[in-house]
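Note sheet for the following structure.
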Amino acid sequence: MASETDNTKCADSPKNAEITHKYDPPESSTSVGWTHACQVTLANEANPFVTENGEILAPLVVEYETYGELAPDRSNVILIAHALSGDAHVAGWDADALQTGRTWRLTRPGWWDDIVGPDKPMDTKKYFFVCANIIGSCYGTTGPESINPATGKPYGLDFPIVTVGDWVKMEAMLLDYLGIETLYAIVGGSLGGQQALEFSLAYPDRVKKCIILASGPKLPAQGLGFNAVARYCIQNDPQFHGGNYYGTGENPQSGLAAARMLAHITYLSGKGMDTKFGRRWQEDIKTRRKSFGIEFAVESYLNHQGSSFVKRFDADSYLYIIRAMDYYDAAASWGDGDLVKACSRFKAQVMIVTFSSDWLYPPEECKPLVTALMRNKIPVTYVKVESSYGHDAFLVEVDKVGRLLRAFLHSQEPDDSAVQPTKEK
Amino acid sequence: MSNEPSSPSPLPGADEFLRKLGIDSHDSDFTRLRDQVKRAIDLNLDLNAAAPSHWEDPYIEKFVTPNSSVIDLGCGNGQLLALLAKTRHAVVQGVENDEEAVLQCIERGVPVYHDRIVKALHTMNDKAYDFAVLENTLQTLVYPYDVLTEMLRVAKTVIVSFPNFAHWTIRMAFSIGGRMPVTSALPYSWYNTPNIHLCSITDFQDWMSKAKVEMVDAYVYVEGKVVPFQTEGHHHNITAEQALFILRSQE
């Protein structure tokens, strides 16, 4: 029996406020252990990658990682699409972190290690996982830091504008290279969720299950506004040099750090920040208040996020990726502005998960996608998770997200006809 | 009946009670009902075994045509939809507001929309589904009229089941016992019940005529058996614990 009144149950208790994270060590039976990234050249001058905007990219090198074993019939493949600042290193411990200079990986496993591993919600004993670093990023896939063959120097802002559509085209090319025709599932959160949606629209016959977390068919105006401020911070940093700062010994670190600090506010929620930091002072600052230094705990947190981010991320990459996030509009790409028309292409079983306090991709902004799918007679699983963790909830609410992922991935459709309904024209 | 202490004043006789309900000694139901009422009065007990949950499912299943589309509003753990997907090859969609029940649907492979029923209905196209089901949920709705109206808009056929608030045990509990009824069909106290909009079969029929709804078929759960609902020669508004109506708009 269903109650129609709103579920007012609060998910969070104060003890959850501080998440003291214990990482799964490489020798753990639930860790994928030590990992090595792979690189492949998917396009070259003879056979270039043409972007959605018609620009040429050659060569295109893609860094990717895989976990688990590919079934003989190749039916167990799950593609994970990473978010803005993510990379192909989803799970386990990077065995090559020292050689590649990615030293921050020495102290922490991949970004979704809580979810991906043996017996974890995305079980590497059952599925074969693939994750590729997106074009324009700075973790091994061709991006603005790469050498432009036309000049022999890093691209900088001469790098072509790339789109979510370009990323899923690259992902499809990678699957072709790996000999994988159909995905059992594609999974992504935030910008990764946009890729999951775009892949399912661009290649409807290549994906059986689509999981979209904390994302939507387009970024609402508020998100466009945040990204505009991020751009302003980076582009007005005196060390930006029009994006051609590579090799100058300078680098728009302050601008990128400010952009990241702002982004981190958008990843939390007001309530979540109050619970986590409140108006607490930094422990070591008690004796010298009344300055413009870092005094509140929340300032310290943001400052740390900003300064650690600039050590691992490239400012030009940040500009390219947030621009792709801005531009993404599934309705415009596939339905001449009509999301219902766009979704008529969709064939996968779909689970869309939103989080109650997410103000970057609020649940209400995702509803039009749910509605558009249902109006095409496509059965939809839509879940709104109660959480105070804001946008970050898709990474932080491990138990809830893990249960949903496990249930949706493992569930067998009661009948095949419910998987792919015949559409009425 | 509740466990509250029984009333100290003597209870009226069973015959009188039945006559007050409009059933006299010439009626075919009289003898059987009198025995039940007598026992109920003597024992102050709820004699009726609760209808098993999902008693409606086989009757809904029978009615759902193969390969049709079904939306179940307040689908709980997805039990009915899983059945219809399996045996009727129906394209199914659940709507459920309880997070735990939503998870159980996902585990069963039943697509489920996590929202309030009325909000979910507002997003749907006219006649988007062949069947809309509201199983034992009507009485929990904040806006039952809106939901029923929306169901008639989004589905060609509407299936509704609900507990009959005019069952004789309920009438007796209130009129003689003087308390809000607590029965096997409605096992909650007044202060914690999710059932906030109760109606009788006759009330529901009144809505049907007001809403210009055609009754395609109907069943009632009477004393442990499911029988076709009949307006003539029976007292289903007194004897039926639960009712299942299959409806269509008249236009």
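Taking B:Pro194 and the conditions (1) surrounded by fewer than 23 Cβ atoms within 10 Å (Cβ to Cβ); (2) at pLDDT 95 or above; (3) within 13 Å of chain A (Cβ to nearest Cβ), which numbered condition does it fall short on, given that it satisfies the others?
B:Pro194 satisfies every listed condition except (2).
Could you identify the single residue in A:Lys347, A:Lys341, A:Lys377 that is more than 12 Å from chain B (Cβ to nearest Cβ), surrounded by fewer than 22 Cβ atoms within 10 Å (Cβ to Cβ) and part of a loop (DSSP other than H, G, I, E, B)? Step through it out loud before you land on a result.
Details: A:Lys341 fails: part of a loop (DSSP other than H, G, I, E, B); A:Lys377 fails: more than 12 Å from chain B (Cβ to nearest Cβ).
None of the others qualify; the one that does is A:Lys347.
I'd like to check which helices (runs of 4 or more DSSP H) are fully inside segment B:125-234 and have at least 1 residues that are more than 28 Å from B:Arg88 (Cα to Cα) and touching a His at 6+ places or on another chain (Cβ under 7 Å).
B:144-154, B:201-210
Within segment B:89-117, which residues are under 20 Å from B:Phe245 (Cβ atoms) and more than 7 Å from chain A (Cβ to nearest Cβ)?
B:Ala90, B:Val95
I need the full set of residues from segment A:380-407 which are assigned to a helix (DSSP H, G or I), touching a residue at least 40 places away in the same chain (Cβ under 8 Å) and within 12 Å of chain B (Cβ to nearest Cβ), in order please.
Across segment A:380-407, the qualifying residues are A:Lys400, A:Val401, A:Gly402, A:Arg403, A:Leu404, A:Leu405, A:Arg406.
With the checklist (1) in contact with a strand residue (DSSP E or B) (Cβ under 7 Å, 6 or more places away or on another chain); (2) surrounded by fewer than 19 Cβ atoms within 10 Å (Cβ to Cβ) in hand, flag the one item A:Asp94 doesn't pass.
Failing condition for A:Asp94: (2).
Considering only segment B:54-70, I want to know if a residue exists there that is more than 8 Å from every other protein chain (Cβ to nearest Cβ), touching a residue at least 12 places away in the same chain (Cβ under 8 Å), assigned to a loop (DSSP other than H, G, I, E, B) and acidic (Asp, Glu). I'd like the intermediate steps shown before the answer.
As a first pass, look at segment B:54-70 and keep what is more than 8 Å from every other protein chain (Cβ to nearest Cβ): B:54-66, B:68, B:70.
After this cut, where a residue has to be touching a residue at least 12 places away in the same chain (Cβ under 8 Å) as well, the list is B:54-57, B:59-61, B:63-66, B:68, B:70.
The next check asks that each one be assigned to a loop (DSSP other than H, G, I, E, B); those that pass are B:54-56, B:64-66, B:68.
Next, only the ones that are acidic (Asp, Glu) stay: B:56.
Within segment B:54-70, one or more residues are more than 8 Å from every other protein chain (Cβ to nearest Cβ), touching a residue at least 12 places away in the same chain (Cβ under 8 Å), assigned to a loop (DSSP other than H, G, I, E, B) and acidic (Asp, Glu).
Could you please give the count of residues in segment B:127-156 that are within 9 Å of chain A (Cβ to nearest Cβ) and hydrophobic (A, V, I, L, M, F, W, C)?
Residues flagged as within 9 Å of chain A (Cβ to nearest Cβ) and hydrophobic (A, V, I, L, M, F, W, C) within segment B:127-156 amount to 4.
One line per residue, one yes/no per condition, for (1) in contact with a strand residue (DSSP E or B) (Cβ under 6 Å, 6 or more places away or on another chain); (2) at pLDDT below 95:
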| site | (1), (2) |
| --- | --- |
| A:Asp329 | yes, no |
| A:Asp336 | no, no |
| A:Gln349 | yes, no |
| A:Pro362 | no, no |
| A:Glu365 | no, yes |
| A:Leu373 | yes, no |
| A:Val380 | yes, no |
| A:Tyr389 | no, no |
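Checking B:Thr183 against (1) out of contact with any Asp or Glu (no Cβ under 6 Å at 6 or more places or on another chain); (2) hydroxyl-bearing (Ser, Thr, Tyr); (3) modelled with pLDDT under 95, which test does it fail?
Every listed condition holds for B:Thr183 apart from (1).
State which residue is farthest from the chain's Cα centre (by Cα) when the search covers only segment A:239-284 and only residues that are within 14 Å of A:Tyr301 (Cβ to Cβ), among the hydrophobic types (A, V, I, L, M, F, W, C) and assigned to a loop (DSSP other than H, G, I, E, B).
The qualifying residue farthest from the chain's Cα centre (by Cα) is A:Phe277.
Among what's in segment B:71-88 and is crowded, with 24+ Cβ neighbours inside 10 Å and part of a helix (DSSP H, G or I), pick the residue that is farthest from the other protein chains (Cβ to nearest Cβ).
So, considering only residues that are crowded, with 24+ Cβ neighbours inside 10 Å and part of a helix (DSSP H, G or I), the one farthest from the other protein chains (Cβ to nearest Cβ) is B:Leu80.
The values are calculated or read from the model by the stated rules, or taken from the named source; none is laboratory data. Since this is a predicted model, take the numbers as computed values, not measurements. Backbone-built Cβ (ideal geometry, glycine too); neighbour counts: all protein chains shown.
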